[in-house]
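Worksheet: the structure to be examined is printed underneath.
The values are calculated or read from the model by the stated rules, or taken from the named source; none is laboratory data. The shown structure was predicted, so the numbers you read here are calculated from the model rather than taken from an experiment. Cβ coordinates were reconstructed from backbone atoms using ideal geometry, including for glycine residues, and neighbour counts include every protein chain displayed. Each accessible area value is taken on the protein alone, full model and side chains, heavy atoms only, with ligands, DNA and RNA left out. Shrake-Rupley method; radii C 1.70, N 1.55, O 1.52, S 1.80 Å.
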Amino acid sequence: MKKYAVGNSSSSKKTMNSSRDRKTDPFYKPPASVQKTSAEIINEARNSLRTLRTQRPFTPREDQRKLFGPLSQRTPDSRPPSAFSLHASNFDSSDSRPVSGTRLSPLPHKPKLPLSSVTDDDIIQTIPQPPSHSPVQKPSITRARLFRATSQGNLLTDSEIPQVEAKISENKRLSTDCTSEEGSTSLSTNIPSIQLLQNLNVTPDHHRSPEIPSLYHTRKKRGDIGSMSRSLQCTTKSEDTERNYNAEAEPLSNETETEWETDYWNDNISAILKDLEAAEQDKNVEDLCSLCVKLQKTLEDGNMLGKQCKWRSIILKTMYKLIDIGSDRLCLNLAKLILALKVSGKNLLNICKLIFKISRSENNDRLFQNDDLLGVLLEVLQNEDVQANSEAFLYCLGTIKFLSGNTALRSELLRKRTVEILLELMKQIIHFNSSPEMVSDMSHLVVQLTATLRNLADLSQSRLKFLACNALLDLCILMEIYINDKDICTNVSRILSKLSTYNDCCTALADCSKFYSVSLAVLNKHPKKQDLVVRIAFTLSNLTAKTSTAREDFYKVKGSITTLVRLVHFYCELDVKIQPTKSIQKENPKKQKKPSEVEDILIKLVNLLANLSVHPNVGKYLAADQDCISHLIQILEYKSIDECEELVINTVAALSNLSCYENDSSAITRRRLEISKLMFKLLLSNNMEGILEAARVFANLSHYQDVRDFLVDNRVYKFLVTLLDSRHQNVCYFACGVLTNLTSERIGRILLKEEGTITRLVECLRDFGPSDWQLATVVCKALWNFNEDVNEAETVIGNEETNTLLDLLASFLDEQITEHCCWNVDLLEYQRTYWEVEFKPVAIKLLDKIHHHHSYLEPLPEPF
């Protein structure tokens with residue numbers, strides 16, 4: 001006699017006989033006209049094959065803000081520093097000089113000239129000295145003067161230098177000193193270089209090397225602003241300083257300023273610079289911050305921000321000096337203004353470092369909230385060249401990463417289109433990474449970029465931006481490019497794991513076939529990187545819980561199942577090794593609520609196995625995999641449900657799914673008694689979820705005679721009968737499935753009647769029938785089996801139970817009553833279909849058999 005199994009019935013069908021002959025036919029022989037394929041039966045199974053969801057892996061919050069967290073695989077020597085000191089001297093004043101529009105050709109000889117010298121003696125002191133081993137001699141005073149003279153854009157050849165030196169020596173003997181009003185002496189007798197060159201009949205070379213800074217501009221930046229025709233005049237120090245902000249000062253550019261620009265500078269900006277200088281002396285931070293804001297607003301109103309401002313060098317030099325005051329609030333105001341002036345190179349790097357240094361303290365987050373510095377930083381990422389400024393981008397992204405950890409600032413970043421900007425930058429990096437060298441150069445920067453996206457992915461609103469930018473595919477490509485970088489792979493896996501919790505992102509990622517091959521490649525590359533493995537397994541589990549296509553695509557990747565089973569084996573062994581260290585937790589298991597890292601990995605991996613097994617082809621393959629089944633059994637042997645509830649329940653659920661695939665090659669079929677012992681152990685626990693999963697497995701395995709003998713010999717049926725009193729419909733459903741198989745034999749019917757099973761079955765039908773026709777159908781099948789013996793049927797079901805059962809079946813079969821009482825319940829649409837196709841035929845046959853066995857009952861009405 002065939003037995004009833006949850007989600008799986010006999011594939012052999014026979015034609016129903018006449019009404020009299022079918023009285024002894026088993027309930028599970030439907031007419032041949034409704035014969036179903038195995039796939040249809042499996043798909044219709046009630047939670048027999050089911051997918052599992054699990055909690056997202058926990059990411060610990062870093063105590064300190066650093067470029068690379070404590071779990072980073074980068075050594076301190078191989079990564080950029082997170083801590084450093086910055087002063088005004090770190091900024092390069094050469095960046096302040098306006099850019100010339102002339103393209104200059106390089107010179108064979110490139111002397112290094114000082115940028116801040118004024119007098120000849122000062123020039124001699126500041127010229128860089130050659131190394132001690134170098135044969136180059138120290139420059140003479142004459143040659144130093146020559147360098148100064150030729151800095152006007154007219155360089156001499158080596159053959160012309162002696163003539164110029166001789167002329168300068170002659171002119172020096174004729175020079176006179178000029179004394180200032182304060183009595184100080186100023187060297188002012190140098191003959192202008194242009195006149196000197198004309199006297200020597202030397203043709204000027206207008207192609208000056210960009211490596212030689214113009215002393216003409218240097219003198220103006222030091223305060224000697226004016227035409228070269230006034231070079232012989234004597235000036236005092238006070239007059240020299242005042243010219244920086246004098247209305248008659250010339251702009252530091254080869255371009256000619258307009259009258260409006262000069263007036264605007266003199267009327268508005270120069271006064272602010274004077275006020276800044278005064279406030280600097282008093283170190284009044286409040287006044288300095290206000291003046292910086294005022295200065296930027298004034299420059300913006302005059303359209304003088306950016307590199308085209310003719311007095312840009314004066315402003316920048318003033319800003320750089322204020323950095324040494326050391327106020328974080330002031331430095332952020334300065335940084336905003338300096339970035340608005342579009343500095344580049346070393347200065348851009350240092351200003352990004354300065355902002356990064358300030359952002360390392362969470363107490364400074366409020367400073368970023370009160371100012372629009374976030375927008376300025378994002379402009380840097382949008383407008384500057386990432387290849388030329390990779391280190392500046394590194395610290396800029398590091399700052400945004402820190403700030404994105406703040407909930408309020410994270411929302412602000414999202415409003416400023418940070419996700420779109422970062423994803424566009426990521427696309428550029430993917431495009432640049434055509435060589436291994438470029439991959440290595442960009443890796444530190446990519447760590448910060450992906451870590452920032454990871455934080456932004458926490459906001460549910462960000463998922464639409466990721467989808468709109470087709471970011472899921474790009475993230476897979478990025479992980480493939482940087483597959484050897486554990487930090488980048490971990491960050492990308494965190495982004496994808498967060499996004500996979502949303503249905504739309506999960507569906508989009510499931511359709512991205514590249515993810516399966518890349519994720520498996522990463523798992524094979526870094527199998528011991530626990531925080532990486534757990535997130536990839538979690539993401540794959542979410543995908544395979546959604547669609548059958550995802551299960552099939554994963555299965556088709558070469559070596560996918562082998563990789564998965566190997567990981568389960570590795571972490572099982574690792575968990576067994578660390579078991580002795582959990583002795584304290586075992587003594588008081590109620591305190592252990594959160595799984596360990598290794599247990600969490602096993603939970604995700606087993607979860608993935610359970611979801612994959614829903615696909616028929618994958619399920620048959622896994623059920624036949626001896627190693628896979630061995631590892632699942634091993635987990636149940638050494639791990640109790642009190643130690644790690646989720647792991648044990650997921651493992652039993654995986655075995656339940658796999659037990660539906662009954663064939664000779666199934667490892668579960670061969671080891672069914674071993675599994676039955678483990679399920680019995682779980683039935684004795686106080687965990688209702690564990691009991692439900694155990695009943696689910698028994699419902700499938702009780703097909704076999706030796707399993708039914710085990711249930712009888714070990715009195716397991718007693719526990720199953722008590723489950724009929726449960727308020728959980730699923731528990732009652734699977735308990736009824738096991739009892740139905742037990743009632744297929746006479747000894748089973750006798751034992752179950754002694755436990756009051758019939759009364760409990762009738763109560764289940766009364767309580768759950770109107771809302772669960774699948775459960776009602778299983779109850780009717782069990783009661784049918786109790787009426788299998790014609791001679792004993794009247795004694796098996798008492799009169800009271802019979803009358804109650806007849807009333808219930810009559811009401812359930814009356815469509816008008818059912819329509820009024822049952823369909824108003826919030827049921828799935830398939831329940832109505834199930835009532836028509838499954839419950840109604842079984843209930844009619846059961847009524848027919850009851851009337852046949854109980855002679856005192858009136859014959860059934862004609863419609864029956």
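Output the number of residues of segment 431-450 satisfying the condition of being surrounded by 17 or more Cβ atoms within 10 Å (Cβ to Cβ), modelled with pLDDT under 90 and either touching a Gly at 6+ places or on another chain (Cβ under 6 Å) or closer than 22 Å to Leu377 by Cα (or both). If you could, list the steps in order and put the result at the bottom.
Pass one, segment 431-450, residues surrounded by 17 or more Cβ atoms within 10 Å (Cβ to Cβ): 433, 439, 442-450.
In the following step, the residues that additionally are modelled with pLDDT under 90 were identified as 433, 439, 442-443.
Keeping just the survivors that are either touching a Gly at 6+ places or on another chain (Cβ under 6 Å) or closer than 22 Å to Leu377 by Cα (or both) gives 442-443.
Looking only at that region, the number is 2.
Could you please let me know if Gln387 is open to solvent by 40 Å² or more (accessible area, probe 1.4 Å) and over 29 Å from Arg329 (Cβ atoms)?
Working: open to solvent by 40 Å² or more (accessible area, probe 1.4 Å): yes; over 29 Å from Arg329 (Cβ atoms): yes.
When the stated conditions are applied, Gln387 passes them.
Given Arg312, Arg360, which one is in contact (Cβ under 8 Å) with a residue 40 or more places away in the chain and within 30 Å of Glu259 (Cβ to Cβ)? Before the answer, list the steps.
Numbers: Arg360 fails: within 30 Å of Glu259 (Cβ to Cβ).
After applying the criteria, what remains is Arg312.
All but one of (1) touching a Pro at 6+ places or on another chain (Cβ under 7 Å); (2) surrounded by fewer than 17 Cβ atoms within 10 Å (Cβ to Cβ) hold for Gln461; state the number of the condition that does not hold.
(1)
Under 9 Å between Cβ atoms, which residue pairs at least 6 apart in sequence (or on different chains) link something in segment 742-758 that is in contact (Cβ under 8 Å) with a residue 40 or more places away in the chain and within 10 Å of Ala782 (Cβ to Cβ) with a partner that is assigned to a loop (DSSP other than H, G, I, E, B) and of a type in the set (Gly, Ala, Ser)?
Leu742/Ser702; Ile758/Gly798
Go through segment 260-301 residue by residue and tally those that are open to solvent by 10 Å² or more (accessible area, probe 1.4 Å), hydrophobic (A, V, I, L, M, F, W, C) and farther than 15 Å from Met319 by Cβ.
So the answer is 3.
Just for segment 520-563: of the residues that are open to solvent by less than 50 Å² (accessible area, probe 1.4 Å) and among the basic types (Lys, Arg), which one is nearest to Asp627 (Cα to Cα)?
Looking at residues that are open to solvent by less than 50 Å² (accessible area, probe 1.4 Å) and among the basic types (Lys, Arg), I get Arg551.
Restricting attention to segment 798-829, and to residues there that are modelled with pLDDT under 60 and among the β-branched types (Val, Ile, Thr), which single residue is surrounded by the fewest Cβ atoms within 10 Å (Cβ to Cβ)?
Among residues in segment 798-829 that are modelled with pLDDT under 60 and among the β-branched types (Val, Ile, Thr), the one surrounded by the fewest Cβ atoms within 10 Å (Cβ to Cβ) is Val825.
Applying the selection to segment 564-579, what residues are open to solvent by 10 Å² or more (accessible area, probe 1.4 Å) and among the charged types (D, E, K, R)?
Arg566, Glu573, Lys577
Quick one: would you say Ser702 is of a type in the set (Ser, Thr, Tyr) and either open to solvent by 20 Å² or more (accessible area, probe 1.4 Å) or over 46 Å from the mean Cα position of the chain (by Cα) (or both)? Lay out the reasoning, then the answer.
Working: of a type in the set (Ser, Thr, Tyr): yes; either open to solvent by 20 Å² or more (accessible area, probe 1.4 Å) or over 46 Å from the mean Cα position of the chain (by Cα) (or both): no.
In short, no.
Filter segment 644-702 for residues that are part of a loop (DSSP other than H, G, I, E, B) and either touching a residue at least 60 places away in the same chain (Cβ under 8 Å) or within 16 Å of Leu742 (Cβ to Cβ) (or both) and give the result. So that I can check it myself, show each step before the final result.
Residues of segment 644-702 part of a loop (DSSP other than H, G, I, E, B): 644, 659-666, 671, 684-687, 702.
Within segment 644-702, Cys660, Glu662, Ser702 qualify.
Has segment 509-518 got any residue that is among the polar types (S, T, N, Q) and under 26 Å from Ala653 (Cα atoms)?
Narrowing segment 509-518 to residues among the polar types (S, T, N, Q): 513, 517.
Restricting the remaining residues to those that are under 26 Å from Ala653 (Cα atoms) gives none.
Checking segment 509-518: not a single residue is among the polar types (S, T, N, Q) and under 26 Å from Ala653 (Cα atoms).
I need the full set of residues from segment 505-519 which are part of a helix (DSSP H, G or I) and open to solvent by 10 Å² or more (accessible area, probe 1.4 Å), in order please. So that I can check it myself, show each step before the final result.
Of segment 505-519, the ones part of a helix (DSSP H, G or I) are 505-510, 513-519.
Answer for segment 505-519, where residues must be part of a helix (DSSP H, G or I) and open to solvent by 10 Å² or more (accessible area, probe 1.4 Å): Thr507, Ala508, Ser513, Lys514, Ser517.
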